[in-house]
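Asks: Take a look at the following structure, please.
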């Protein structure tokens, strides 16, 4: 995707101040029926044809965002605008039209494909559900989509168990593509695959970006994977987005201490002492006692007194270097005084 | 090399009945010294897990045939042992960490019960002492509040925490040999680092020999000095990690290395991958099994089988080495 197009286009998806909490049924050590805040006032946008890489450790709230956008869960507050329309206000009929245009690919292909449906049945179902075209069109569309993901018509009558995990993920991607969506949400879509199969699927995603102009919300815990395909990177921790920046900025000069720690981890070639020596139960915060602090304060190497008493605002980083364009936002007290991030 | 902790001599494994059996491990030999870590790498379906399960004698005798000149753990040939004798060794002298902790752990027992049971069986000490040792083991692998983990059921923990608990279980008896089958696959970077740190500690503190199985050469490089590359049941390259990274000789090793995504300052223009996929054991091509996917293959590769050449600096099974 050429950069100019990304900047010029209106956002395809815009999420504003989205919050989502879950009721804790009372697991070990938790107060029963406590509210767990999974997403905490999150805002971001994705331009048509561009890819946002959403990164963070397990439990950061990444998948909750995906589920909220698909309206599989009901957020507490905020807006999710698709081409300017808030999908949280939509009637079922309107929502159905949106779902054709936003599709989801899951982590584990063998669990997300029905074992009792052939490839043909799996791929025809979305077309039938959305009443797209006649029978002839549907069959053509299925074969064309299979070709896009690198499979031939000979697989149509086979069942998921007859495929390798890489082929299964191709089928799952084909199922998402068959309705000709504008946005694909890929939730850890390559994490359970072998490195060799992962590389093949990433090649496929790259061609979907370049040839079909599909926008992606690409969720992954793996920064190296994000590097291969993201235009923009958002870092999540404790239900909040701590940094959101063009990928080139992020990987050359990450601003938030958590992003820096993540990149240091990912880049290490030998075993270093893990930063988080003590594994804590990360289950989201208890929203009933909301503390006015930075969510990352406990783990932060650059912690200041203010970090434990005041929640940081979202600051924009200015560059002196003219080659660095695009908004680079960071939610951290270190950048509170409008500092430039240049040397 | 230090004292040999695990010695595998000419191990072969077939699946299926004698009339329609297919070979999944083909004449594999290696040894691991005490306190050393060796990686076994290859794509899914290359026979890595079958090798591990065969070493432990965990393959069902009804559907699998295992042949070997010898598999020795601390100098004892475990294939010559009776089932009862072997049970005394499994979990004590040799332990395994499985790929999917969620399925390896029993859902109806707490983690404390499961971890303690292994230790109790092999030591025969009192419940109270087992309890203390179990909590100590959980603390060792990095749990801040071990009592909370011990009283939890597997489904209450995340995948990374389950895996750390598995490692606590596998290491309580301080085994001479630990086989870890994809212990960090699908875990995030920081959890992955924590698990690798634990494996390293076991190696240095208790002189445990580790066989680390993974499809990711990046993971292996972080933990192992030596690496074996497996394709379709055969070892195709065997060398130290640094040499393999600097200069892979087998085209398959080179392909696996090129698949690892890298974090670079500029976004890479393209993504490289090995074309095609691992053939099923029923449809192995003649000659070098990798030939159909190899861009260096010539007629010799499709006709004869390259042997794992015990060359000067490393072993490579390839006619057209890089």
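The values are calculated or read from the model by the stated rules, or taken from the named source; none is laboratory data. On a predicted model such as this, the values are computed, not experimentally measured, just so you know. Note that we place each Cβ from the backbone using ideal geometry, even for glycine, and neighbour counts take in every protein chain shown.
Asks: Could you pull out the residue among B:273, B:317, B:297 that is outside the structural domain of residue B:234 (by TED's automatic domain parsing) and buried (at least 21 other Cβ atoms within 10 Å of the Cβ)? Give the derivation first.
Replies: Numbers: B:273 fails: buried (at least 21 other Cβ atoms within 10 Å of the Cβ); B:297 fails: buried (at least 21 other Cβ atoms within 10 Å of the Cβ).
Result: B:317 is the single residue among B:273, B:317, B:297 that is outside the structural domain of residue B:234 (by TED's automatic domain parsing) and buried (at least 21 other Cβ atoms within 10 Å of the Cβ).
Asks: Going through the range A:264-281 one residue at a time, which ones are modelled with pLDDT of 65 or more and either more than 7 Å from chain B (Cβ to nearest Cβ) or more than 20 Å from the chain's Cα centre (by Cα) (or both)? Walk me through it before giving the result.
Replies: To start, the set of residues in the range A:264-281 that are modelled with pLDDT of 65 or more comprises A:264-267.
The answer is A:264, A:265, A:267.
Asks: Which one of A:162, A:144, A:169 is farther than 18 Å from residue B:279 by Cβ and within 14 Å of another protein chain (Cβ to nearest Cβ)?
Replies: Values: A:162 fails: farther than 18 Å from residue B:279 by Cβ; A:144 fails: within 14 Å of another protein chain (Cβ to nearest Cβ).
Going through A:162, A:144, A:169 in turn, just one is farther than 18 Å from residue B:279 by Cβ and within 14 Å of another protein chain (Cβ to nearest Cβ): A:169.
Asks: Oh, and also: Against the conditions (1) in the same structural domain as residue B:42 (by TED's automatic domain parsing); (2) surrounded by fewer than 24 Cβ atoms within 10 Å (Cβ to Cβ), where does residue B:162 fall short? Just the number, please.
Replies: (1)
Asks: Here is a further query. Within the range A:216-223, is there a residue that is within 13 Å of chain B (Cβ to nearest Cβ) and part of a helix (DSSP H, G or I)? Give the derivation first.
Replies: First pass over the range A:216-223, keeping only residues within 13 Å of chain B (Cβ to nearest Cβ): A:218-223.
From what's left, part of a helix (DSSP H, G or I): A:223.
Among the residues of the range A:216-223, at least one is within 13 Å of chain B (Cβ to nearest Cβ) and part of a helix (DSSP H, G or I), which makes the answer yes.
Asks: Given the structure, is residue A:68 assigned to a loop (DSSP other than H, G, I, E, B), surrounded by 20 or more Cβ atoms within 10 Å (Cβ to Cβ) and either in contact (Cβ under 8 Å) with a residue 24 or more places away in the chain or away from chain B (no Cβ under 14 Å) (or both)? Can you show your working first?
Replies: Working: assigned to a loop (DSSP other than H, G, I, E, B): no; surrounded by 20 or more Cβ atoms within 10 Å (Cβ to Cβ): yes; either in contact (Cβ under 8 Å) with a residue 24 or more places away in the chain or away from chain B (no Cβ under 14 Å) (or both): yes.
No, not satisfied.
Asks: Let me ask another. Scan the range B:100-117 for residues that are surrounded by 20 or more Cβ atoms within 10 Å (Cβ to Cβ) and under 23 Å from the mean Cα position of the chain (by Cα) and report the count.
Replies: Taking the range B:100-117 and keeping what is surrounded by 20 or more Cβ atoms within 10 Å (Cβ to Cβ), we get B:101, B:105, B:111-112, B:114-116.
Retained after the next criterion (residues that are under 23 Å from the mean Cα position of the chain (by Cα)): B:101, B:105, B:114-115.
So the answer is 4.
Asks: Name the residues in the range A:80-125 that are buried (at least 20 other Cβ atoms within 10 Å of the Cβ) and farther than 22 Å from residue A:187 by Cα, would you?
Replies: Scanning the range A:80-125 gives a single hit, A:124.
Asks: Residues of the range B:29-74 being in a strand (DSSP E or B) and either touching a helix residue (DSSP H, G or I) at 6+ places or on another chain (Cβ under 6 Å) or more than 24 Å from residue B:2 (Cα to Cα) (or both), which ones?
Replies: Step one: of the range B:29-74, the residues in a strand (DSSP E or B) are B:29-33, B:37-41, B:64-67, B:70-73.
Answer for the range B:29-74, where residues must be in a strand (DSSP E or B) and either touching a helix residue (DSSP H, G or I) at 6+ places or on another chain (Cβ under 6 Å) or more than 24 Å from residue B:2 (Cα to Cα) (or both): B:37, B:39, B:40, B:41, B:64, B:65, B:66, B:67, B:71.
Asks: Out of the helices (runs of 4 or more DSSP H) lying entirely within the range B:211-306, which hold 2 or more residues that are under 27 Å from residue A:225 (Cβ atoms) and at the interface with another protein chain (Cβ under 10 Å from one of its Cβ atoms)? First the steps, then the outcome.
Replies: On the way: elements: B:217-223, B:241-246, B:251-259, B:299-303.
Correct list: B:217-223, B:251-259.
Asks: Select from the range B:131-184 the residues that are in a loop (DSSP other than H, G, I, E, B) and without any contact (Cβ under 8 Å) to a residue 40 or more places away in the chain and write down the one among them that is farthest from the other protein chains (Cβ to nearest Cβ). Write out each step before concluding.
Replies: Going through the range B:131-184, the residues in a loop (DSSP other than H, G, I, E, B) turn out to be B:141-142, B:144-145, B:151-153, B:157-158, B:172-176, B:182-184.
Now narrow it down to the ones that are without any contact (Cβ under 8 Å) to a residue 40 or more places away in the chain: B:144-145, B:158, B:174, B:184.
Numbers: B:144: 4, B:145: 8, B:158: 6, B:174: 20, B:184: 12 Å.
Looking at the filtered set, the residue picked out is B:174.
Asks: Which of the numbered conditions does residue A:190 fail, given that it passes all the others? Conditions: (1) farther than 20 Å from residue A:116 by Cα; (2) under 19 Å from the mean Cα position of the chain (by Cα); (3) more than 11 Å from every other protein chain (Cβ to nearest Cβ).
Replies: Every listed condition holds for residue A:190 apart from (3).
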